[in-house]
1. Return a whole-number percent for the relative contact order of the chain, with Cα pairs under 8 Å and 6 or more residues apart as the contact set.
2. Compute the projected area of the convex hull of the Cα atoms of segment 196-310, averaged over all viewing directions, and report it in nm² to one decimal place.
3. What are the semi-axes of the equivalent ellipsoid for segment 20-67, taken as the square roots of 5 times the Cα gyration tensor eigenvalues, largest first, in whole Å?
4. Principal axes first, then extents: for the Cα atoms of segment 168-260, list largest minus smallest coordinate on each axis, whole Å, largest first.
5. Please compute the length gained on full extension between THR124 and THR227, using 0.36 nm multiplied by the number of residues separating them and subtracting their Cα-Cα distance.
6. What nm distance separates the two modelled labels at ASP156 and SER184, each placed 7 Å from Cα along Cα→Cβ?
7. Describe numerically, in nm with one decimal, the distance between label points set 7 Å from Cα along Cα→Cβ at ALA248 and at ASN68.
8. Work out from phi, with θ = phi - 60° and the Karplus expression 6.51 cos²θ - 1.76 cosθ + 1.60, the ³J(HN,Hα) of each residue of segment 244-260, listed in order in whole Hz, and give x for Gly and Pro.
Amino acid sequence: MLGLGLGTSRPQAVQWWPAAADFAADFIARRYRLGGNAIPAADAYAFSRTGKKWARRADGSWAEFDTNVPAITDLGLSIEPAGTNLATPGPSGAAVGTIGAGGSLPTGWVANGALATQIVSLGTLLGLPAVRLRISGTAASTFYEIGFTPSMMGIDASKPYAASIFAQCHTEVVPLVELRQGNSSDSFVAVNSLSPALSATARRSELNLTTQATTARGKLRLALNLTVGTSYLVEVTIACPQLETGAAPSSPLLAARSADGFDLHLPAGAHELDCVLDNGSSTSLSASETPYRLPTTIARPIRSIAAEPA
């Protein structure tokens, strides 16, 4: 009787790096190569950052990273410049209760208007520290606001700014979030709303703009346009109102952020780097030395980097 020899074969490992690359980094899988060998992260790069930082996950939530820990999530590596929030992010100083009757808004937030303002609870929104607000009562005037700075503050004319806020609305009446621009006397110059509008979906609303030529002061605020004699009930959860210089919002600035310093330990000689980003697009960099510091101008998380000799 003729027997059949049955054997098992091991699946072949898929080469994840380009054949011509003598350095490769896959940040999501946390694997690195130098020459033909796998190496640990400590041999692939060095990193430094003074202070903490936040980075986004694929599900839209945010993770906090400690001092000198690179911000790597399931979207990749986040590299950013230093940043400062010109608004007051909260929720420090907030206390549950009605404002003026035991409750208090976060330090630096100011309510203007005749409606009652209450801190319902302190919690989180998309992983960020948050406050749930209730605004209620019968309108005696046509406007109500919570300013995220104590008053109008100095901002520059004809300069790019980015405003943002994380929010979720729990009632049918939906407040606006706006950047009010004023001149040096605080007289009205312009008002611009963040988008998308607040809704039952927890998300970030944003505004990218260049200020007007006559702008000298500004305020980021939550606002309600009211009808006198009408009763209102608004509940909204808010996290990290943010105003910063630049063309687009950066990661949440609950405190000032120091620049990321990410140095690749490339082989000697000039190299061309292909950086694959979280959305599948790529950007090219040229490195003439090692270690090579990644620029902080890459606006999206980096999934992987492959370096080939130039």
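1. That works out to 23 percent.
2. The number I arrive at for segment 196-310 is 11.9 nm².
3. Whole-Å semi-axes of the equivalent ellipsoid: 26, 15, 7.
4. 44, 36, 20
5. The THR124-THR227 span can extend by a further 33.9 nm.
6. Taking the two extended label points, one gets 1.8 nm.
7. With each label placed 7 Å out from Cα toward Cβ, I get 3.2 nm.
8. So the Karplus estimates, Gly and Pro as x, are 8, 6, x, 7, 7, x, 9, 4, x, 9, 6, 8, 4, 10, 7, 5, 7 Hz.
The values are calculated or read from the model by the stated rules, or taken from the named source; none is laboratory data. The structure presented is a predicted model; accordingly, all values stated were derived computationally and were not measured. Neighbour counts run over all protein chains shown; Cβ positions are idealised from the backbone, glycine included. These accessible areas exclude ligands, DNA and RNA; they are computed on the full protein's heavy atoms, side chains included. Shrake-Rupley method; radii C 1.70, N 1.55, O 1.52, S 1.80 Å.
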